[in-house]
Structures are given as C-alpha cells and as structure tokens.
Amino acid sequence: MRKSFFQLHIAVLLAGFTGVLGRLITLNEGLIVWYRLLITAITLWVLFYATKRMQKISLKDILYLTGAGFISALHWVFFYASIKYGNVSIALVCFSVISFFSSILEPLINRVRINRTELLFGLMNVLGIWLIFHFDTTYKLGIALGLVAAFLGALFPILLKLKLGRINMQTVLTWQMTGGFLTLSLVMPFYLQAFPVESLLPSLSDFLWLLVLAWVCSVVAFQFSMNALKKLSAFTVNLSYSAEPVYGILMAFLLFKENQVLNKGFYLGTALIMSTLVLHMLMLRRKNKKVTEPV
C-alpha cells in the first residue's frame, strides 16, 4: 500500500504539469491529444515489445481496450479544451470532480453498493465547483468542458481495471494508447472540418513540449498510476488526482499570473476540494492502521 501511494503521488505530480503544457502548446486541443497519443503509442510499442512485456490477447480484449482508449482520448480533448476556453486553473479544479463521478460509476459498473462516504467526498468536490461558478460565470464554457472531462476521466480507469486482473499493465496501457490514437484518427477529419486550423504541423517548440507531454507526463506517469491501480480502488486513485490542481495551479500562477484574474470564489472552492483529499487520506490511513494492528 505504501509503495502504491508513493507511485500514485509521483503520477499526480507529473499529471499536474499537463495543464501547463496545454497552455504552452499552441495547437488546438484535438491536435494536442492526437500527437500525444501518436508519440506515446509508438514509444510504448518500442519499449514493451523490445523488452518482451507485451502479452498476447484476444481480438475481443483488443476491441475492449480500444474503446476504453477512445474514452480516455475524449477525456483529454475536453480537458485541453477547458484550458483553451477557460484557463489552466479552472480546468484543473474541474478535473477534481472526477471523484464524484467515480463514486457513482464504479459501484454501478462493478454492481456493488454505493459507498456513502465516497459519495459524500465526491459531493464536497461538486460543492467546490459550485462555489467557483457561483462567484464568477466568466469561465462557464471552460467549466462545462472541464466537467465533461471529469466524467470521462472517471469512467476509463474503471473500465481498464476490469482487465488488469488477467492482462498485464504494459499490454493494457499500450493498447489503450493505440486504440485511442486509431479511433481519434477516424474522428479528426470531422473535428478539423468543424474547428479548422492554419497548420496541422507543430512548431519546433510545440514538438519539444509534446515530447515532454508524451514521454514524461504519459509514459512515466501512466505506468505509476496503473501500478497503483492494482492495489488501490479506482475511487482512491481518482480522488488522489484531486491533488493535481495544487501542482498545476501553482505552476499556472507562477508562469501565467492566473492568480490576477481569479476571484475569491475560486479560492473558496479550491480550498474545499483540497480539504476533501486530506480528509480521505486521513481516513484511509486510519483504516489501514486498524487492519495491520495485531489482535
């Protein structure tokens, strides 16, 4: 458990940087995700196939992971759209509502009773978002896009965990990225027709940031996250990602001076969301201590 939490924390720290990259990369949200998936998928195939960690799976499992990959791709598209139409801080805070959706979706998919404590923590995060929106409606489109990203972000880890019991993490992650890239490639012509761009190719600086996004914030971070998912519930993993706004927002304040355009509602809502994470971690620590205590 201790190792899993450490790996999860590293993944969250790296994930916190993705919001800043979404602002630094000048491509639109669809192209950011498309290039991210392309670079990540190629890297994973080279890395895991060369080290013989790819597991042979059935066509049915490939299609399943491809579907989960498409959901994850859409999640990232909406997340980066939230940054483009709002800002980094708004997108990252909305991302933390993933715990609310997870507290409902995980029991429904796994056909178990809803955990009232987890639901309560999730509702606290929703209240945090309401405080932000209530005091300032300037970023309503960014918030709406961020909430869709949170819903999709809660769904795909639950679907992936169902396969982790008999398919190793490397195979799941590689097919998720590959499936996301292939399915998004099918959608991109229609997407670009609706949202045309001047150039499909990234600039040199964009390409370098895309490499950081793919290699550091994807390959490295996702491996840590998937390892943690083996020992921890999807809700715990998703709620832990509520710490992602802390890192991302601090970076946004430092690099983009976003603190100058945010009002008291943002800080009240963020404080409530962060307190949810602290309370949940304390509860898990106390529960784990009771389990390990000698009788």
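Per residue, region 78-148 exposes an accessible area of 47 Å² to a 1.4 Å probe, with every protein chain left in place.
As a test of the definition: which semi-axes, in Å, follow for region 126-194 when you take the square root of five times each eigenvalue of its alpha carbon gyration tensor? Largest first, please.
On the way: eigenvalues 194, 84, 8 Å².
In descending order the semi-axes read 31, 21, 6 Å.
From the helices alone, meaning DSSP H stretches of at least four residues, give me the mean residue ellipticity at 222 nm for the chain, per-run term -39500 (n - 2.57), in deg cm²/dmol to the nearest 500.
Details: 13 runs with 232 residues, N = 295.
Calculated from helices alone, the mean residue ellipticity at 222 nm is -26500 deg cm²/dmol.
Given the alternatives (1) 34, 19, 18; (2) 24, 23, 20; (3) 28, 27, 17, semi-axes √(5λ) of the Cα gyration tensor in Å as computed for this entry is given by (3). Of VAL216, VAL237, VAL112, the residue with the largest accessible area leads and the full order is VAL112, VAL216, VAL237 (1.4 Å probe). In the structure shown, do any of LYS3/LYS264; LYS3/LYS161; LYS140/LYS257; LYS60/LYS84; LYS84/LYS161; LYS52/LYS163 have a Cα-Cα gap over 26 Å, and if so which? Correct reply: LYS3/LYS264; LYS60/LYS84; LYS84/LYS161.
Which of rounded, prolate, oblate describes region 97-166, given a ≥ b ≥ c as roots of the alpha-carbon gyration tensor eigenvalues and a/c under 1.5 marking rounded, otherwise prolate only if a/b is larger than b/c? Show your work: numbers first, answer last.
Values: a/c = 4.08, a/b = 1.79, b/c = 2.28.
The shape class here is oblate.
Free of any trypsin sites (Lys or Arg not before Pro) that DSSP assigns to a loop and that have at most 15 other C-beta atoms within 10 Å, the longest stretch within the chain is 167-256.
Please work out the ratio of the alpha-carbon Rg of region 4-132 to 2.2 N^0.38 Å and round it to two decimals. Can you show the working numbers first?
Details: Rg = 17.3 Å, N = 129, 2.2 N^0.38 = 13.9 Å.
Normalised by 2.2 N^0.38 Å, the Cα Rg of region 4-132 equals 1.24.
Solvent-accessible area of the chain (1.4 angstrom probe, protein heavy atoms only): carbon and sulfur portion equals 69 percent.
Assuming 0.36 nm per residue, please report the length gained on full extension of the stretch GLN260 to LEU123 beyond their Cα-Cα distance.
The span from GLN260 to LEU123 would gain 46.5 nm if fully extended.
Of the complete DSSP H runs in the chain, those spanning 30 angstrom or more by Cα along the long axis with a mean Kyte-Doolittle score not below -1.0 are 2-24, 29-50, 59-85, 140-161, 169-194, 264-292.
The values are calculated or read from the model by the stated rules, or taken from the named source; none is laboratory data. Source: prediction; values computed, not measured. Positions of Cβ are generated from backbone atoms using ideal geometry, with glycine treated the same way; all protein chains shown enter the neighbour counts. Protein only, heavy atoms only, side chains kept; ligands, DNA and RNA dropped before computing areas. Shrake-Rupley method; radii C 1.70, N 1.55, O 1.52, S 1.80 Å.
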